[in-house]
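Quick notes on the structure that follows.
Just so it is clear, none of the values below were taken in a lab; they were calculated from the coordinates. Values in this document were obtained by computation on a predicted structure and should not be read as measured data. Because the Cβ atoms are built from the backbone with ideal geometry, glycine has one as well, and the counts that use them run over all protein chains shown.
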Amino acid sequence: MSAAGAPTCPNCLQGSMQVFHTARRVPTNSCILLSTRDEALAYPTGDIALGFCPACGFVSNTAFDAKLTEYSGRYEETQGFSPTFQKFHRDLADRVIERFKLAGRDILEIGCGKGEFLLLLCENGRNRGVGYDPGYRADRFAPAAGDSVRFVADFYTEKCTDTAADFVCCKMTLEHIPTTLEFMRNVRAAQGDRRAEIFFMIPEAQRILRDCAFEDVYYEHCSYFSPHSLEHLFRAAGFFPTAIGFEYGGQYLTIAADTQDTGIGRLAGAGDLPELAAWVAKFPALLEKQVGFWRGQFAAFAAQGKKAVIWGSGSKGVSFLTTLGLQDEIAAAVDINPHRQGYFMPATGHRIVGPQDLVELKPDVVIVMNPIYREEIAADLAKLGLSPQVMAVDDGLHAGGAH
């Protein structure tokens, strides 16, 4: 603990975490498959207390308890059934292969999910790979016998120091790690004296703070990065950052790094910190406006007798429903991932349905949980012969609900 009892920042071990946002009794996992409504309603909950480190700009849930989370075979997170995401994923893999000259190399992916990205890197670049993830399922994307890709359905920890590689990849995993500096030092130690290039991708926190994207704040995401805090972490862990970038409409933040000094200087300026601190200070008031906007919308839907559904049953959908306290206001949660259909949303108990079920449900309003899929979803609705009002979670921002 640092001064005045505030927890010390786990990202730099210097600053004190200043809490600026709290949420009580939120589900401790958003992507677990829950078979019954009763199980969903009784799902364990925890608290969120977002803290900001003025020293490095890191944001984390200071109330996070790793023992309350579950990552297993029933953790269903893949976005790979969306044509929009598929195109992005293939393009990202091709760009990573080209940038890092991945041909005939040894690749380690930490937090490989169901294995899609590692398979793309290995197949398209003729590389050898090993992926770690406790949620990996061999029945989903298992490579054929004899292929040079191996998956380990377990966490990557300090015990895995024998898995050094030419290239280390980690996508959408670091945000789940509470002790970020300790974790990255373990990753660095595993490489030893070997030359290795590094590529990480995580949610981008500047957008979440600036736009008050409350749907992107949920229990499993205990760590939130801006360019400044991410670069600070990598340098403190012994890496040498070479580039920082943004992907997927600015939703994702990427960093490339090396285990050897390439002579590239600082990438993110310290001037980012005052701006981050200003967004942090404004977040509670902006959240109140966003919540007010959406509650007004649902009151209007009720008055007009309109039936509403959300499209997207993953983490964003869970946060949207629980932050607003929605129950009967939402008829169902829609998801194109067939592995999620037929299950129930944690805490609220909403049924997860497929797009085809909307023909019978006949919603008047569809609220899209990720705006990047808005056009794709509108096209899917048209194919079903449906023409409901289509909204997205950022409509409150554009309507003046945040700024």
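One table, with the values for the structure above:
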{"read-out": "Given charges at Cβ of Lys, Arg, Asp, Glu: segment 203-244 dipole, positive-most of PHE225, PHE239, GLN206", "value": "PHE239"}
{"read-out": "For segment 174-284: relative contact order, % (alpha-carbon pairs under 8 angstrom, 6 or more apart)", "value": "33"}
{"read-out": "On Cα atoms only, tilt of 180-191 relative to the major axis of the chain in degrees", "value": "40"}
{"read-out": "Burial ranking of peptide ranges 68-76, 213-221 (average Cβ count within 10 Å, highest at the top)", "value": "213-221, 68-76"}
{"read-out": "Exposure proxy ranking, count of Cβ atoms within 10 Å, fewest first, for CYS112, CYS222, CYS31", "value": "CYS31, CYS222, CYS112"}
{"read-out": "Rounded to 10°, Cα long-axis angle of helix 374-383 versus longest principal axis of the chain", "value": "50"}
{"read-out": "DSSP beta bridge pairing in segment 274-398, given as percent antiparallel to the nearest 5", "value": "10"}
{"read-out": "From the coordinates shown, Cα Rg over 2.2 N^0.38 Å corresponds to which of (1) 0.98; (2) 1.13; (3) 0.93", "value": "(1)"}
{"read-out": "Alpha-carbon centroid distance for the pair segment 184-211 / segment 368-382, whole angstrom", "value": "31"}
{"read-out": "Share antiparallel - DSSP beta bridges, the chain, percent rounded to 5", "value": "50"}
{"read-out": "Dipole magnitude (debye, nearest 20) for segment 1-142, charges at Cβ of Lys, Arg, Asp, Glu", "value": "280"}
{"read-out": "Pair ARG37, PHE246: separation of 7 Å Cα→Cβ label points (nm)", "value": "4.2"}
{"read-out": "Isolated Cys residues of the chain, judged by Cβ distance under 4.7 Å to other cysteines", "value": "CYS31, CYS112, CYS122, CYS160, CYS169, CYS170, CYS212, CYS222"}
{"read-out": "Pairwise Cα inverse-distance average, inverted: Kirkwood Rh of segment 274-398 (Å)", "value": "15.2"}
{"read-out": "Intensity falloff of segment 151-272 expressed as log10 I(q)/I(0), Debye formula with alpha-carbon point scatterers, at q = 0.10, 0.15, 0.17, 0.23 Å⁻¹", "value": "-0.31, -0.69, -0.88, -1.48"}
{"read-out": "Cβ-derived FRET efficiency at R0 35 Å, LYS307 paired with THR157, nearest 0.05", "value": "0.15"}
{"read-out": "Residue exposure sequence - SER315, SER148, SER35 - by fewest surrounding Cβ within 10 Å", "value": "SER35, SER148, SER315"}
{"read-out": "Candidates GLU376, GLU197, GLU182, ranked by Gaussian network fluctuation over the chain, Cα under 10 Å, top entry", "value": "GLU376"}
{"read-out": "Point-charge dipole on Cβ atoms (K/R +1, D/E -1) for the chain, about Cα centre, debye to 20", "value": "100"}
{"read-out": "Acute angle (nearest 10 degrees) that the helix 315-324 long axis makes with the longest principal axis of the chain, alpha-carbon atoms", "value": "50"}
{"read-out": "Theoretical gain in end-to-end length, ARG150 to LYS87 [0.36 nm per residue, Cα-Cα removed]", "value": "20.2 nm"}
